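The values are calculated or read from the model by the stated rules, or taken from the named source; none is laboratory data. As the structure is a prediction and not an experimental result, all values here were calculated from the model. Reconstructed Cβ throughout: ideal geometry from the backbone, glycine too, with neighbour counts over all protein chains shown.
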Amino acid sequence: MHKPRLAVFKFASCDGCQLSLLSLEDELVALAARVDIAFFLEASSRVEPGPYDVALVEGSITTPDDVQRIRQVRRDSKFLITIGACATAGGIQALRNWADSEEFMRAVYAEPSYIATLDRSTAIAEHVPVDFELRGCPINKEQLLEVLVAFLAGRRPRTPVHSVCLECKRRGTVCIAVAQGAACLGPVTQAGCGAICPSYDRACYGCYGPSHQPNVDSLAAQYEATGVPREALVAGLRGSFNGYAREFRQASDRLASGGGAEESSS
Amino acid sequence: MSETPRTIRVEALARVEGEGALNLRVRDGKIEAVELNIYEPPRLFEALLRGRALEEVPDITARICGICPVAYQMSSVHALERALGVTVSPELRQLRRLLYCGEWIESHALHVHLLHVPDFLGYDSGLAMAADFPDEVQRGLRLKKHGSQLLDVLGGRAVHPINVAVGGFYRVPRASELAALVPDFEWGLQAAINVTRWVSDFDFPTFERPYDFVALSHPDEYAMCEGNICTSDGLAIDAAQFAEHFREQQVPHSTALQAVRIETGATYLVGPLARVQLNRRQLMSEARQLADDLLERSCANPFKSIVARGIEIVHAYEEALSILRGSPACGQSRMPYDYREGDGAAATEAPRGLLYHRYRVDAEGRVAAADIVPPTSQNQGQIEDDLRHFLPAVIDASDDEIADAAERLVRSYDPCISCATHFLRVKVERQ
């Protein structure tokens, strides 16, 4: 019988999300027996051409070449699944989207002219249709396994879209926004991480991106009313590793332009 | 009359972290040019860090590398603490070493089993080996998992840990969380010893280079987070003097900057082989015994880095166990500090070699400037130099065989190209 052909592609990223596949230490050998890993450069020298049944795509689009390459990946792949915050929201490197990217290049390289790069770091879905987006910086390997098993079973993956708050309640973690007044992004951030940060006495910093229908403006207004400076709220949303995800981006732009939160623009 | 130029190009150098290319040009049967071409898209971390709150730095720099995020976090917090004039308590210092042991075990076990061993046994991947070497592959995955478990407990998660803070940790672990790891780590220590003996029996190409080893060295311990930057020829400097002795230069064929020693103008080697050779006497007992049995004091064979990695896995297990069994005092989670203008540099030992960070911070606690020199950009020049000396021995082979030999040599470095700035493509050009 035909084993489904899996490919893993990397764009601008840290490799951490594809590493999550190799970090399924208990399931990896069994998984490798169920799928044909046809293209996964980080793990194998075997390089098979497309078409592929499922492609996992890590990383954001930041170069002219990659704009072309992702189109080819799309043509070669039946299902295209993005993994991680870079691929679904542009990643931390999307901070350049609010800056002068030429100045950024000059700050790092003596000869920026050697290097071709785009002004903006953008999500895969801005360039090609995406079949499923798995969130997180990094993704949760259990969720990745669920996505792959769902794909093998021919069903939609079951990954929650509610906020981190529910995960805190389930873990029995005392709410640090309420109890400590911390500017926690948990109420507007999608679950999936396991609500790790609050269980380590720190505020959620949004690395799983916006939850379903988050009311970011309202949360920001609440924090501003309790004394959190607006610049810190803007910096927090933009530095969430998902800053260019639509809901976070719009909220930080409204805050930065003087509107949005507590007082509307005056 | 010279022959027509000949280019050999291998489109995909696999089993490395990140993406790049290798171009080889051959004229009249001689290697004329070797270019490790890193085309990983630049993510411009040093620029995007400017203006960020210094507390965010360890979270942001972790994202430079999903394979060695702890190394980035450790170099960041040590450099920032020097800028702020903070010294962490001995207990917190010990927990940081324990965290780093987790990353060494995880990263080294990954590289040895899934990326490197397939070269010696003739497979495309660690997974392809699983049918013929089920016990060895499962053992390797179990070691990798132990590293991840330690990172989970101390860091909150294995990739991009959330618990590392400037001044210490957000929350110190509970004694029960640490004690629960002991039985697995006892099994793992023995397994790691067996792994090291197993890999030391592989067939290694006969190839030695007069390396200038560069690694941290510390008077009291096998250096991980602290110590002087030392070299084979006796240089010993504080990380603050790094820029006086090492220089990064940009080359047209790479998005990674390449480093050289300023005094010699020459390349140098960082990583496990450099560390074991410079700091062998400080390995813990089982690791020291293995080093003395399996790795000659003069060994400068890059392919044997797999043995050095094994030795360091053993060391990391021994050290982790001694900390875990000593039920570390888990008191204050982090040291207080006040903002001040300052400049701080630090280097720590990432699994693949020395990682230097320097930050300037302002009086409001924001980053004014950042400078990061990852291990792979330091090794990049040495890799090219090695290839120039190694490939003549196989120059009469087919293009595929040459490319294969080149890839194997590159892979022995455990290069992390994501760190150094994308996919390694080997192109051999013959003239």
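For region B:233-321, the helices (runs of 4 or more DSSP H) that sit wholly inside it and include 2 or more residues that are touching an Asp or Glu at 6+ places or on another chain (Cβ under 7 Å) and closer than 20 Å to B:A192 by Cα are B:272-279, B:285-294.
Based on this model, can you work out whether B:L154 counts as more than 20 Å from A:E27 (Cα to Cα), within 13 Å of another protein chain (Cβ to nearest Cβ) and either part of a helix (DSSP H, G or I) or within 20 Å of the chain's Cα centre (by Cα) (or both)?
Numbers: more than 20 Å from A:E27 (Cα to Cα): yes; within 13 Å of another protein chain (Cβ to nearest Cβ): yes; either part of a helix (DSSP H, G or I) or within 20 Å of the chain's Cα centre (by Cα) (or both): yes.
For B:L154, the condition - more than 20 Å from A:E27 (Cα to Cα), within 13 Å of another protein chain (Cβ to nearest Cβ) and either part of a helix (DSSP H, G or I) or within 20 Å of the chain's Cα centre (by Cα) (or both) - is met.
Quick check on this structure: which one of A:A220, A:A182, A:A203 is part of a helix (DSSP H, G or I), at negative phi, among the hydrophobic types (A, V, I, L, M, F, W, C) and outside the structural domain of A:G84 (by TED's automatic domain parsing)? Spell out how you get there, then give the answer.
Working: A:A182 fails: part of a helix (DSSP H, G or I); A:A203 fails: part of a helix (DSSP H, G or I).
Exactly one residue qualifies, and that residue is A:A220.
The lone criterion from (1) of a type in the set (A, V, I, L, M, F, W, C); (2) at pLDDT 95 or above; (3) surrounded by fewer than 24 Cβ atoms within 10 Å (Cβ to Cβ) left unmet by B:A131 is number (2).
Restricting region B:397-413 to residues that are away from chain A (no Cβ under 14 Å), out of contact with any Phe, Trp or Tyr (no Cβ under 8 Å at 6 or more places or on another chain) and surrounded by 21 or more Cβ atoms within 10 Å (Cβ to Cβ) leaves a set whose member that is farthest from B:V16 (Cα to Cα) is B:I402. Looking across region A:226-247 at every residue that is of a type outside the set (S, T, Y) and assigned to a loop (DSSP other than H, G, I, E, B), the one that is surrounded by the most Cβ atoms within 10 Å (Cβ to Cβ) is identified as A:N242. Name every residue in region B:82-108 that is within 23 Å of the chain's Cα centre (by Cα), over 18 Å from B:H218 (Cβ atoms) and among the aliphatic types (A, V, I, L, M), in order of residue number. If the condition is that a residue be within 23 Å of the chain's Cα centre (by Cα), over 18 Å from B:H218 (Cβ atoms) and among the aliphatic types (A, V, I, L, M), then B:I105 is the only one that fits.
Taking strands (runs of 3 or more DSSP E) as the structural unit, those lying wholly within region A:1-120 and holding at least 3 residues that are closer than 30 Å to A:S211 by Cβ and away from chain B (no Cβ under 11 Å) correspond to A:5-10, A:52-58, A:77-83.
Looking across region B:50-62, not a single residue is at pLDDT below 95 and surrounded by 23 or more Cβ atoms within 10 Å (Cβ to Cβ). Per the conditions (1) assigned to a loop (DSSP other than H, G, I, E, B); (2) more than 18 Å from B:V164 (Cα to Cα), the sole criterion not satisfied by B:G331 is (2).
The single condition among (1) over 28 Å from A:Y208 (Cβ atoms); (2) surrounded by 19 or more Cβ atoms within 10 Å (Cβ to Cβ); (3) basic (K, R) that B:R142 does not satisfy is (2).
Across region B:170-179, what is the total count of residues that are under 10 Å from A:Y200 (Cα atoms) and more than 8 Å from chain A (Cβ to nearest Cβ)? Walk me through how you get there before you give the answer.
Here is the first cut: in region B:170-179, the ones under 10 Å from A:Y200 (Cα atoms) are B:170-173.
From the residues that got through so far, the ones that are more than 8 Å from chain A (Cβ to nearest Cβ) too are B:172-173.
Matching residues across region B:170-179 total 2.
Okay, residues lined up against (1) over 21 Å from A:R246 (Cβ atoms); (2) within 15 Å of the chain's Cα centre (by Cα):
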| site | (1), (2) |
| --- | --- |
| A:E103 | yes, no |
| A:L118 | no, no |
| A:G136 | no, yes |
| A:K141 | yes, yes |
| A:V149 | yes, no |
| A:H162 | no, no |
| A:C175 | yes, no |
| A:A191 | no, yes |
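Scanning region B:72-82 for residues that are surrounded by fewer than 24 Cβ atoms within 10 Å (Cβ to Cβ), of a type in the set (K, R) and either touching a helix residue (DSSP H, G or I) at 6+ places or on another chain (Cβ under 7 Å) or modelled with pLDDT of 95 or more (or both) turns up at least one hit. Tallying residues that are within 11 Å of chain B (Cβ to nearest Cβ), among the aromatic types (F, W, Y) and in contact with a Leu (Cβ under 9 Å, 6 or more places away or on another chain) within region A:182-238 yields 1.
For region B:198-222, taking the residues that are acidic (D, E) and over 30 Å from B:H78 (Cβ atoms), the one that is surrounded by the most Cβ atoms within 10 Å (Cβ to Cβ) is identified as B:E208.
Among the conditions (1) in a loop (DSSP other than H, G, I, E, B); (2) buried (at least 21 other Cβ atoms within 10 Å of the Cβ), the only one that B:V195 does not satisfy is (1).
Residue by residue through region B:85-104, note down the ones that are part of a helix (DSSP H, G or I), out of contact with any helix residue (DSSP H, G or I) (no Cβ under 8 Å at 6 or more places or on another chain) and of a type outside the set (D, E).
As a first pass, look at region B:85-104 and keep what is part of a helix (DSSP H, G or I): B:90-104.
Next, from what is left, pick out any that are out of contact with any helix residue (DSSP H, G or I) (no Cβ under 8 Å at 6 or more places or on another chain): B:90-93.
Selection gives B:P90, B:L92, B:R93.
Is there a residue being of a type in the set (D, E, K, R) and either within 14 Å of another protein chain (Cβ to nearest Cβ) or touching a helix residue (DSSP H, G or I) at 6+ places or on another chain (Cβ under 9 Å) (or both) anywhere in region B:223-241? The answer is yes, given that some residue of region B:223-241 is of a type in the set (D, E, K, R) and either within 14 Å of another protein chain (Cβ to nearest Cβ) or touching a helix residue (DSSP H, G or I) at 6+ places or on another chain (Cβ under 9 Å) (or both).
Considering only residues that are facing chain A (nearest Cβ under 10 Å) and charged (D, E, K, R), look in region B:56-81 and name the one that is farthest from the chain's Cα centre (by Cα). Checking each candidate, the answer is B:E56.
Among the residues making up region B:39-55, those that are more than 7 Å from chain A (Cβ to nearest Cβ) and either closer than 20 Å to A:T62 by Cβ or not small (G, A, S) (or both) are B:Y39, B:E40, B:F45, B:L49, B:R50, B:L54, B:E55.
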